[in-house]
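The block underneath contains the structure these notes are about, expressed in structure tokens.
The values are calculated or read from the model by the stated rules, or taken from the named source; none is laboratory data. If you're wondering where the values come from, they're calculated on a predicted model, not measured in any experiment. Note that we place each Cβ from the backbone using ideal geometry, even for glycine, and neighbour counts take in every protein chain shown.
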Amino acid sequence: MSDLTRLTAADLAAKIHSREVSAVEVAQAHLDRIAAVDGGVHAFLHVASDAALASAALVDDSIAAGTAPASPLAGVPLALKDVFTTADMPTTAGSRILEGWRPPYDATVTARLRAAGVTILGKTNMDEFAMGSSTEYSAYGVTRNPWDPSRVPGGSGGGSAAALAAFEAPLAIGTDTGGSIRQPAAFTGTVGVKPTYGGVSRYGLIACASSLDQGGPCARTVLDAALLHEVIGGHDPLDSTSIDSPVPSVVAAARQGADGDLSGLRVGVVRELGGEGYQPGVQASFDAALRQLEKLGAEVVEVSCPHFEYGLAAYYLILPSEVSSNLARFDAMRYGLRVDEGASAEAVMAATREAGFGPEVKRRIILGTYALSSGYYDAYYGQAQKVRTLISRDFAAAFAQADVLVSPATPTTAFPIGDKVDDPLAMYLNDLATIPTNLAGTAAMSVPSGLSDGLPVGLQIMAPALGEAVMYRVAAAYESTREPLVAPEVSA
Amino acid sequence: MTASLVDFDDVVERYDPMLGLEVHVELNTNTKMFCGCPTGFGAEPNTQVCPTCLGLPGSLPVVNRAAVESAMRIGLALNCSIAPWGRFARKNYFYPDMPKNFQTSQYDEPIAVDGWLDVTLDDGEIFRVEIERAHMEEDTGKSLHVGGATGRIHGAEYSLLDYNRAGVPLIEIVTKMIPGTRERAPEVARAYVTALRDLIKSLGVSDVRMDQGSMRCDVNLSLSPRGSGILGTRSETKNVNSLRSVERAVRYEMCRHAAVLDAGEKIVQETRHFQEDTATTRSGRVKETSEDYRYFPEPDLVPIAPSAEWVEELRGTLPELPWARRARLQAEWGLSDEELRDLVNAGALDLIEATVAAGAPAGEARSWWVAYLAQQANAREVTLDALPITPAQVARVIALVAGGELNNKLARQVVDGVLAGEGEPDAVVEARGLKVVSDDGALIAAVDEALAAQPDVAQKIRDGKVAAAGAIVGAVMKATKGQADAKRVRELIIERCG
Ligand SMILES: [Zn+2]
């Protein structure tokens with residue numbers, strides 16, 4: 001294995017920009033790594049070797065010409081979740097219904113990565129339309145966890161997380177609707193950030209649930225995530241819900257945090273996120289992390305968020321409702337799969353959707369259609385929105401007592417493939433600790449907090465809206481006290 | 001079903017109609033409601049589209065500020081309150097010409113509510129129509145069904161879809177139920193749509209062309225037994241695409257409802273389509289279940305919250321509204337109600353005002369447009385404003401008459417020349433040699449000749465009966481082929497008999 005694939009994005013960028021190595025060499029090393037191990041991992045749905053090398057060559061040319069790099073990450077390779085549109089690659093969102101679709105446009109995130117000179121290696125696997133916690137609901141096969149190929153890498157962004165853990169890419173992009181960045185990060189021992197809602201443009205992000213979806217950075221280190229965060233974040237006039245204010249200075253915060261001093265910071269432990277339902281090994285890892293944070297000078301306080309217990313129920317009303325509407329457009333009339341059965345447009349639509357959507361997507365479309373039906377709206381969607389307000393108030397009260405909140409990122413470590421695929425409720429419980437953040441639109445991330453029975457555990461750090469700087473600072477300080485987690489070598 | 005209709009007079013004898021009108025107006029903004037695509041009418045199919053208005057995966061809407069302003073100005077002109085905060089909603093249903101399979105529309109949070117519009121009926125009576133709401137939404141694409149006999153989707157071999165219109169901003173203006181129209185329900189409906197069209201035209205926010213679909217009307221109608229106050233089941237008639245059709249659709253539905261009710265049957269709450277050729281309505285697709293649009297707030301858009309300053313700024317941009325303008329012109333021109341109504345009905349108001357603006361006295365301008373030009377328009381079977389003559393040209397003719405260079409008869413010939421495409425009035429005068437004869441020498445000879453030919457008349461004039469001069473004037477005019485200045489001729493006659 002080439003050493004280049006073991007480096008952080010920050011180190012790779014330094015070597016590329018000082019011309020110690022070329023961006024093309026770095027890209028090639030990662031493409032070789034993908035060729036060597038992805039047969040066993042299946043992190044990628046599409047590898048764009050030629051485009052990646054061409055993009056890297058442009059970076060090399062510009063550095064050779066003495067031009068300043070387009071960004072601090074120019075020439076660094078990245079794996080892009082297959083839910084962002086790419087004009088030069090297929091975009092499937094993990095669904096049969098979009099098999100072979102080539103979007104005519106780039107997502108804003110894609111465009112910003114290109115403008116920053118980041119080398120896009122390809123598109124990563126995911127649960128269909130980002131619905132799932134294991135990648136088992138991908139129409140294109142499961143991604144395996146590099147820590148144990150019999151286990152899932154988490155989801156929906158399992159492909160991006162596994163690509164990082166298997167050293168196929170130093171950077172990746174995910175999307176987090178209820179934990180789809182943080183839970184895979186926890187399961188693979190990597191770093192995953194769900195930014196404040198509106199912090200990263202959703203233009204070109206194929207919607208799961210519009211009011212919850214948020215793209216964000218994935219990496220193996222906190223600083224790398226911060227570097228990527230600043231490349232993709234910021235206001236986008238094409239997304240009405242995009243926040244019109246500067247990206248928080250997360251790179252500076254991560255560098256500051258690496259000094260390992262958290263004196264004066266208050267860390268709130270959310271009473272409701274832990275205990276029953278959380279694996280003992282996960283809980284133990286979390287308790288150890290708290291002691292570590294105290295050692296760094298933070299004051300640990302307990303806070304209560306009494307409405308979090310209703311979060312999962314509210315989430316599984318709001319999300320399917322929005323899904324049922326967002327996914328109505330997949331009707332065979334304009335793009336994607338078309339099953340020409342039946343004599344009417346309605347019949348073709350029905351046959352296409354029957355053949356093109358997987359079981360979890362259908363389940364949620366049916367749930368959401370029901371929840372929005374006249375006569376049920378107030379009882380379901382309306383009530384869920386009220387819960388959402390109450391959860392936001394819980395957060396506001398908690399952030400009055402603490403600068404950041406912490407919890408285990410997930411109740412368990414990575415579970416075996418096939419374990420929960422037929423038990424939707426057990427699958428949904430994976431997102432217990434991550435969902436409240438999506439409902440409130442605040443920021444959160446998962447950083448590795450060690451192993452339990454040989455499997456990674458994630459520490460979740462939560463911050464108020466636009467409070468990413470303090471979150472990165474705490475994460476970087478905590479990270480500085482630990483050795484990086486390195487997954488065992490994967491066989492192809 | 002019911003075979004024969006009930007006679008209209010019989011209907012109003014026994015039933016009270018309850019009328020409601022929903023009018024869709026396509027705004028003439030440069031770009032669509034939620035994307036930057038152009039909105040021009042008649043472009044090649046699917047050339048005015050982008051990821052957003054095609055509903056491509058990942059695309060997002062951004063509200064067009066100009067459309068919001070237009071909506072607010074319509075609301076203000078309709079005396080509505082402007083909502084200080086409102087969200088868009090999604091109206092979910094599957095249809096191939098709707099790219100996202102939901103329509104983004106203001107559902108229960110319209111931008112304008114609770115207004116009114118005073119409409120003038122044919123006899124001059126003012127009828128106030130209460131406005132429930134005006135809200136913004138996006139238009140759908142268009143389906144073209146190919147094959148089959150009817151152009152309908154059933155029986156078609158295949159269908160073509162054009163998304164150029166998808167996402168064009170629409171304002172839907174909904175009246176409250178209009179009670180008390182009785183036998184005037186068809187007329188009220190037409191007068192309301194006419195008044196609304198004129199109002200929106202004066203705001204400049206839409207072309208309001210019913211023939212091109214930039215203004216579309218749905219008629220809701222129900223009957224209740226006279227004086228019972230019991231609200232009947234209503235039908236909703238779509239595809240009513242001319243002012244005349246509005247009137248005819250109301251009339252037909254009243255007669256149809258009465259026939260159904262008289263037969264002891266129930267009115268089906270349904271969508272019906274107006275048939276232009278037969279002036280009847282036919283039932284739309286029968287729905288097995290009631291439509292459930294599963295409305296919910298559009299999560300891809302932030303709420304619209306117009307500030308009070310913005311609302312007042314827009315109120316300041318409202319032009320003189322049609323009824324205010326009519327009242328002003330009526331006063332300025334000294335018209336009776338009836339005279340004003342005739343001008344409005346003839347579509348002459350704008351033309352006369354423009355002619356006056358070009359320098360003509362109001363009385364002259366009015367008499368030209370309602371008399372000679374109206375006859376010409378009638379003869380050509382066109383509307384007044386379609387005549388190939390401009391108010392400025394009419395004003396020039398009037399000026400030539402006032403200056404004595406033309407008399408009325410010659411002036412009509414000049415107008416004929418302009419209408420025939422012979423150019424500006426002065427060019428027609430030149431080319432046709434229509435100048436009044438003002439050479440006294442030639443005129444004196446003609447006067448003397450006429451006096452000699454009618455000595456008895458000449459004697460009467462000499463005796464002081466000046467009125468008798470008319471016969472001599474007529475003879476002189478005839479002799480000069482009408483090119484003499486009649487006033488000068490009269491002066492010369494008196495002189496020669498003096
Ligand atoms: Zn467009």
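Okay, here's what the table says:
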| quantity | calculated |
| --- | --- |
| From A:A54, A:A35, A:A43, A:A10, residue being surrounded by fewer than 23 Cβ atoms within 10 Å (Cβ to Cβ), more than 11 Å from A:G75 (Cβ to Cβ) and in contact with a helix residue (DSSP H, G or I) (Cβ under 6 Å, 6 or more places away or on another chain) | A:A10 |
| Check on A:R338, under 31 Å from the mean Cα position of the chain (by Cα) and more than 9 Å from every other protein chain (Cβ to nearest Cβ) | yes |
| Answer from B:A354, B:A371 - the residue that is in a helix (DSSP H, G or I) and free of Cβ contacts under 8 Å to residues at least 12 places away in the same chain | B:A371 |
| Members of region A:341-364 that are in a helix (DSSP H, G or I), hydrophobic (A, V, I, L, M, F, W, C) and more than 11 Å from chain B (Cβ to nearest Cβ) | A:A347, A:A351, A:A355, A:V361 |
| Among (1) part of a strand (DSSP E or B); (2) within 14 Å of another protein chain (Cβ to nearest Cβ), the one test that B:Y107 misses | (1) |
| Leading residue by the ranking (farthest from the chain's Cα centre (by Cα)) among those in region B:15-32 that are within 13 Å of the ligand (Cβ to nearest atom), assigned to a loop (DSSP other than H, G, I, E, B) and polar (S, T, N, Q) | B:N30 |
| Selected residue (only one of A:T177, A:T110, A:T143 is within 12 Å of the chain's Cα centre (by Cα) and of a type in the set (S, T, Y)) | A:T177 |
| Sole exception among (1) touching a Phe, Trp or Tyr at 6+ places or on another chain (Cβ under 8 Å); (2) away from the ligand (no atom under 16 Å from the Cβ); (3) over 23 Å from B:P303 (Cα atoms); (4) among the polar types (S, T, N, Q) for B:N46, by number | (2) |
| Test set (1) small (G, A, S); (2) within 14 Å of chain A (Cβ to nearest Cβ); (3) surrounded by 16 or more Cβ atoms within 10 Å (Cβ to Cβ) - B:G115 fails condition number | (2) |
| Residue check, B:I74 closer than 19 Å to B:L314 by Cα, in the same structural domain as B:V193 (by TED's automatic domain parsing), of a type outside the set (S, T, N, Q) and away from the ligand (no atom under 16 Å from the Cβ) | yes |
| A:A465 vs. criteria under 19 Å from the mean Cα position of the chain (by Cα), surrounded by fewer than 24 Cβ atoms within 10 Å (Cβ to Cβ) and in contact (Cβ under 8 Å) with a residue 40 or more places away in the chain | yes |
| Check on B:G20, modelled with pLDDT under 95 and assigned by TED's automatic domain parsing to the domain that holds B:S235 | no |
| Residue match in region B:139-158 (condition: of a type in the set (F, W, Y), within 14 Å of another protein chain (Cβ to nearest Cβ) and either out of contact with any helix residue (DSSP H, G or I) (no Cβ under 8 Å at 6 or more places or on another chain) or not in a strand (DSSP E or B) (or both)) | yes |
| Test for B:C35: is it crowded, with 19+ Cβ neighbours inside 10 Å and either within 14 Å of chain A (Cβ to nearest Cβ) or away from the ligand (no atom under 16 Å from the Cβ) (or both) | yes |
| Checklist (1) in contact (Cβ under 8 Å) with a residue 24 or more places away in the chain; (2) under 28 Å from A:P306 (Cβ atoms) applied to A:Y377, failing item | (1) |
| Answer residue from region A:84-97, given it is surrounded by fewer than 24 Cβ atoms within 10 Å (Cβ to Cβ) and among the aliphatic types (A, V, I, L, M) and is farthest from the other protein chains (Cβ to nearest Cβ) among those | A:M89 |
| Selected residue (criterion: surrounded by the most Cβ atoms within 10 Å (Cβ to Cβ)) from residues of region B:56-87 that are away from every other protein chain (no Cβ under 12 Å) and part of a loop (DSSP other than H, G, I, E, B) | B:C80 |
| Single unsatisfied condition, B:V246 versus (1) crowded, with 20+ Cβ neighbours inside 10 Å; (2) over 30 Å from B:R73 (Cβ atoms); (3) not hydroxyl-bearing (S, T, Y) | (2) |
| Members of region A:128-138 that are more than 14 Å from chain B (Cβ to nearest Cβ) and more than 20 Å from A:G40 (Cβ to Cβ) | A:M131, A:G132, A:S133, A:Y137 |
| Criterion (within 32 Å of the chain's Cα centre (by Cα), more than 16 Å from the ligand (Cβ to nearest atom) and under 19 Å from B:L301 (Cα atoms)) met by exactly one of B:V68, B:V63 | B:V68 |
| Per-region count, region A:107-122, residues within 12 Å of chain B (Cβ to nearest Cβ) and touching a Ser or Thr at 6+ places or on another chain (Cβ under 6 Å) | 3 |
| Failed item in (1) surrounded by 20 or more Cβ atoms within 10 Å (Cβ to Cβ); (2) within 30 Å of B:G316 (Cα to Cα), with B:T237 passing the rest | (2) |
| Test: B:E172 is modelled with pLDDT under 95 and either within 22 Å of the chain's Cα centre (by Cα) or within 14 Å of another protein chain (Cβ to nearest Cβ) (or both) | no |
| B:K100 being basic (K, R) and either outside the structural domain of B:S224 (by TED's automatic domain parsing) or within 16 Å of the ligand (Cβ to nearest atom) (or both) | yes |
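Here is a yes/no grid of residues against (1) without any contact (Cβ under 8 Å) to a residue 40 or more places away in the chain; (2) more than 14 Å from chain A (Cβ to nearest Cβ); (3) not in a loop (DSSP other than H, G, I, E, B):
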{"position": "B:L54", "(1), (2), (3)": "no, no, no"}
{"position": "B:F94", "(1), (2), (3)": "yes, no, no"}
{"position": "B:K100", "(1), (2), (3)": "no, no, no"}
{"position": "B:V129", "(1), (2), (3)": "no, yes, yes"}
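Okay, residues lined up against (1) in a loop (DSSP other than H, G, I, E, B); (2) within 14 Å of another protein chain (Cβ to nearest Cβ); (3) among the aromatic types (F, W, Y):
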position	(1), (2), (3)
B:V260	no, no, no
B:D277	yes, no, no
B:D292	yes, yes, no
B:P299	yes, yes, no
B:V311	no, no, no
B:L318	yes, no, no
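Here is a yes/no grid of residues against (1) more than 16 Å from the chain's Cα centre (by Cα); (2) within 11 Å of chain B (Cβ to nearest Cβ); (3) farther than 24 Å from A:A328 by Cβ:
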{"position": "A:T196", "(1), (2), (3)": "no, no, yes"}
{"position": "A:V200", "(1), (2), (3)": "no, no, yes"}
{"position": "A:V222", "(1), (2), (3)": "no, no, yes"}
{"position": "A:L228", "(1), (2), (3)": "no, no, yes"}
{"position": "A:G234", "(1), (2), (3)": "yes, no, yes"}
{"position": "A:P237", "(1), (2), (3)": "yes, yes, yes"}
{"position": "A:S245", "(1), (2), (3)": "yes, no, yes"}
{"position": "A:P248", "(1), (2), (3)": "yes, no, yes"}
{"position": "A:A252", "(1), (2), (3)": "yes, no, yes"}
